[in-house]
Every structure is written in C-alpha cells, then in structure tokens.
Amino acid sequence: MNDKHYTLKEVSETIKTPVAYLRKMIKEEKLEASKIGRDYKCTDKAVQRFIDLCKVGKNVR
C-alpha cells in the first residue's frame, strides 16, 4: 500500500494526454486503474507501465 495514487487529471497533466483518452485506455484495459467512488485512481507503477507501452514501436492504438 506504499504506492502513490494519482487521479486521471494528475496523470493527464503529467503526460500531457486528455482525460477522455485515459478513460478510453482504462476501458480497453491498457491502463490499469481502480474506480474509487466516481473517480479513477492509477498507481505510479501503472502509469509507468502505460508510458512504457506507448513508447515508439509499441503503439497502443
């Protein structure tokens, strides 16, 4: 439980990606997140895995 959790807005600002796109990636199971109440939360490890997946040569779309 030592992982830091981020809201989609925080992730969006960090990686300069629209929140709607992040929600789409969650629904397609390409970004791991937990729904807490009405909001999604991502761990720092999940965000890093998503970034690694998006690197050149590993297109998410």
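In the set LEU8, LEU22, which member is in contact (Cβ under 8 Å) with a residue 12 or more places away in the chain and out of contact with any Ser or Thr (no Cβ under 8 Å at 6 or more places or on another chain)?
Details: LEU22 fails: out of contact with any Ser or Thr (no Cβ under 8 Å at 6 or more places or on another chain).
None of the others qualify; the one that does is LEU8.
Just give me the residues in the stretch 7-33 being within 10 Å of the chain's Cα centre (by Cα) and hydroxyl-bearing (Ser, Thr, Tyr), in sequence order.
Correct list: THR7, SER12, THR17, TYR21.
Is one or more of the residues making up the stretch 6-15 part of a strand (DSSP E or B) and modelled with pLDDT of 90 or more? It would help to see each step written out before you state the result.
Step one: of the stretch 6-15, the residues part of a strand (DSSP E or B) are 6-7.
Still in the running and modelled with pLDDT of 90 or more: 6-7.
Checking the stretch 6-15: at least one residue is part of a strand (DSSP E or B) and modelled with pLDDT of 90 or more.
The values are calculated or read from the model by the stated rules, or taken from the named source; none is laboratory data. What you are looking at is a predicted structure, and each value in this text was computed from that prediction instead of being measured. FYI the Cβ positions are ideal-geometry reconstructions off the backbone, even for glycines, and counts take in every protein chain you see.
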